[in-house]
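Bear in mind these aren't lab numbers, they're just calculated from the coordinates by the rules spelled out. Since this is a predicted model, take the numbers as computed values, not measurements. Here the Cβ positions follow ideal geometry from the backbone for every residue, glycine too, while neighbour counts run over all protein chains shown.
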Amino acid sequence: QLSESYGEPQGTGGETHQVAGGGVATLTTQQGIPVADDQNSLKQGARGPILMEDFHYREKIFHFDHERIPERVVHARGYGAHGFFELTESLADVTRADVFQRVGERVPAFVRFSTVAGSKGSFDLARDVRGFAVKLYTNEGNWDLVGNNIPVFFIQDPIKFPDMVHAAKPEPDRAFPQAQTAHDNFWDFISLTPESMHMVMWIMSDRTIPRSYRFMEGFGVHTFRLLDAEGNSTFVKFHWKPQLRLQSVVWNEAVKINGADPDFHRRDLWDAIEGGDFPAWDLGVQLFNQEFADQFDFDVLDPTKIIPEEILPVRTIGRLVLDRVVDNFFAETEQVAFCTQNVPPGIDFSNDPLLQGRNFSYLDTQLKRLGSPNFTHLPINAPRCPMAHFQQDGHMAMRNPKGRVNYEPNSWGPQMGGPREDPLRGFRSFAETNPEPKQRLRPESFADHYSQARQFFISQTPIEQKHIGDALVFELSKVERPDIRIRMLSHLLNIDADLAQTVADGLGAALPQPAQAAMPTRDDLDPS
Ligand code: HEM
C-alpha cells in the first residue's frame, strides 16, 4: 500500500517526494539513520553552499564513487544463472568424489557464460570463444569446472598467456576494440605460434558465433584425473552437451544482431529461464588410462589436442539444468569467482602445463578484482557444505574463528579445540613420480601442430568448410601487413591445400611455401 503522496510533487522546488508509511519501508542511510529528505542537500540558506555536515549526502556520493570494481582481465562480459547438477550414472568405481557417487542426487550449480576478448560493455555476438564456467556446490566443497565452448586452446604453456591476450585485446596505442574486425597484432601472434593452428580452425568455424548460450557445448579442455579411495588414477576429459543441440548464426546475422541488440545472448538466457524453458546440458566423460594414452602420437597433456570421440566415445553421467535467474547481477554474476584449483577429493589435476599455470592465475587475479582474500565469504562463492578453518581477518572478514583457538595443533580438547585434519575424507593428490631434471623445454610429444587442425577441417560439412574459408578471408583481409597474411597462408598449406588456395584467392595473394616444422627443438637452436 503506497502512501497518498506517492509520486506527487511535494517540495518547494517542485521535486518529487515519495514518503514511507502504509507498508512502504523507510529509507535509511547505511548506518540505519532514517532519511527525511532525499532530494535536497543540506545548505546554509536555500541558495547557500552545501555543508560538510550533510552526512547523508556525503555517504551517498562516497558509495556511488566506489561502485566499480575492475572488470575481469579476460572473459569480462558474461552472464550467469543458477541451477542444479544431477548424477545419472555413478562413477563410484573410479572416483571417491562425493558428487559422482549416488544416482539421482542433485547439488546446486551456478554457471557463467562469457566472451573472452571484449570488455564488459562489448556485444554478445563477437566472433570469439565462449567461456562456460560451472560451479558445483558439492557436499565436499566447491568444484569449479572452468571451461570453454571449444575443446582445445591456443597455447601449450601458460607463460604465453599474457602475450596471447595482449595480442587479442585492443592494440595499446589506438585502443580500437578488436572483437568484430581482424587486426594485425592478433594474426601476427597467431602466425608466429603454430601450436594455435588447431584452435584457429575452431575459432574460424561457426562455433564462435553461437545462436545462444543454450545451444553451446562446453569442455573442461584439459585432461584431469579421477582418484579412487586407494589413490588409483583414471584420466578424464569433461564435456557438456546441450540438450537443445548445437546451433550457430551466420556471420551476416551476427553483424546485424550486434547492431540491433548487443545483449542478444543474455536476453535469450533470461527470457528462456523466466519463461520456464530451462536449458539443460548432459555431462559426459571420456575415461582412459596411461596405456590408452600411450598409443597416440600426441600427448594427452597437450591442451591443443582432443581425444577423438570416434575412438573414445563420450559417456553421459549427469545433467545440468539452469532454472533460476540471479536476484542481482553484480552480487552474483560479477562477483562469482571460479578457479581451476577448486576440486573436491577424488578429482585431481594432470600435468597439463596450461592447467598447472591456470591454477595460479585465478586466485591471484581475484584478489585484485574482488579486493579481499575473504571473497569466499560472499554468498555466491561460499561453499554450501560444513566448513571450518583457522583463517582469519583481512578486509571484510565475516567468518572469523569462534572462541579462543585459532591455530593447530592445540591441546584445548574436542569441544574447544576447533576443527582437525581428516585423513580419510580429506583431499589427497595423486602420488606421481617424476625423475626428470628441472628444465625449460617442451616435450617432442607436443610438436605436431597440424594433424588435428586438418582432422577438424575435413570433419566439417562443405558449407561449414566454406564458412571457415570465408571467415579466414574476411579476417585476414583486415590485416594491413602482407607478410602476416603470407605467414598464415604458409600454415594453412600444412592443414589443407584447398583451404589455403581458397584463402589465397580471396586475398588475391600467391601461395607461399608451407611453414617449416612447427617448433624448434633444442638441437635447432644456436647454442651460442
Ligand atoms: C577467466 C586466466 C586459460 C576459461 C580467466 C581470468 C583469468 C584467466 C585471469 C579472469 C578470472 C577472474 O577475474 O575471475 C587464464 C590463464 C590461462 C587461461 C592464465 C592459461 C594459461 C583458460 C582456458 C580456459 C579458460 C584454457 C578454458 C578451458 C576461462 C573462463 C573464465 C576465465 C571460462 C571466465 C570465468 C568466469 O566466468 O568468471 N582466465 N585462463 N581459461 N577463463 Fe581463463
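Each row is one residue, and each column tells you yes or no for (1) polar (S, T, N, Q); (2) part of a helix (DSSP H, G or I).
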residue	(1), (2)
428	no, no
468	no, yes
473	no, yes
484	no, yes
502	yes, yes
514	no, no
Quiz prompt | Residues within the range 311-340 that are acidic (Asp, Glu) and either under 17 Å from residue 143 (Cβ atoms) or more than 16 Å from the ligand (Cβ to nearest atom) (or both), tallied | solution = 2
Self-check item: Test for residue 343: is it within 16 Å of the ligand (Cβ to nearest atom), within 27 Å of the chain's Cα centre (by Cα) and under 17 Å from residue 147 (Cβ atoms)
Solution: yes
Quiz item: In this structure, does residue 165 turn out to be within 14 Å of the ligand (Cβ to nearest atom), part of a strand (DSSP E or B) and out of contact with any Phe, Trp or Tyr (no Cβ under 6 Å at 6 or more places or on another chain)?
Solution: no
Exercise. Identify, by number, the condition in (1) closer than 29 Å to residue 288 by Cβ; (2) surrounded by fewer than 18 Cβ atoms within 10 Å (Cβ to Cβ) that residue 216 doesn't meet.
Key: (2)
Quiz item: Got at least one residue in the range 92-105 being small (Gly, Ala, Ser) and either within 13 Å of the ligand (Cβ to nearest atom) or in a strand (DSSP E or B) (or both)?
Solution: no
Practice problem: Taking residue 200 as meeting all but one of (1) in contact with a Phe, Trp or Tyr (Cβ under 9 Å, 6 or more places away or on another chain); (2) assigned to a loop (DSSP other than H, G, I, E, B); (3) buried (at least 21 other Cβ atoms within 10 Å of the Cβ); (4) not hydroxyl-bearing (Ser, Thr, Tyr), write down the number of the exception. | Solution: (2)
Practice problem: Considering (1) over 30 Å from residue 108 (Cα atoms); (2) more than 16 Å from the ligand (Cβ to nearest atom), say which one residue 428 fails and leave the rest. | Solution: (1)
Quiz item: Can you find even one residue in the range 37-56 that is assigned to a loop (DSSP other than H, G, I, E, B) and within 16 Å of the ligand (Cβ to nearest atom)?
Solution: no
Exercise. Might you let me know whether the range 122-133 holds any residue that is touching a strand residue (DSSP E or B) at 6+ places or on another chain (Cβ under 7 Å), over 28 Å from residue 270 (Cβ atoms) and surrounded by 21 or more Cβ atoms within 10 Å (Cβ to Cβ)?
Key: no
Self-check item: Odd one out for residue 361 among (1) hydroxyl-bearing (Ser, Thr, Tyr); (2) part of a helix (DSSP H, G or I); (3) over 26 Å from residue 97 (Cβ atoms)
Solution: (3)
Quiz item: When the residues of the range 111-134 are filtered to those that are of a type in the set (D, E, K, R) and within 9 Å of the ligand (Cβ to nearest atom), which remaining residue is farthest from residue 342 (Cα to Cα)?
Solution: 130
Practice problem: Could you tell me whether residue 214 is within 16 Å of the ligand (Cβ to nearest atom), of a type in the set (D, E, K, R), farther than 21 Å from residue 482 by Cβ and in contact with an Asp or Glu (Cβ under 9 Å, 6 or more places away or on another chain)? | Solution: no
Practice problem: Could you tell me which numbered condition residue 398 fails, if it satisfies all but one of (1) within 16 Å of the ligand (Cβ to nearest atom); (2) loosely packed, with under 12 Cβ neighbours inside 10 Å? | Solution: (1)
Self-check item: Unique match (being over 27 Å from residue 214 (Cβ atoms) and assigned to a loop (DSSP other than H, G, I, E, B)) among 69, 61
Solution: 69
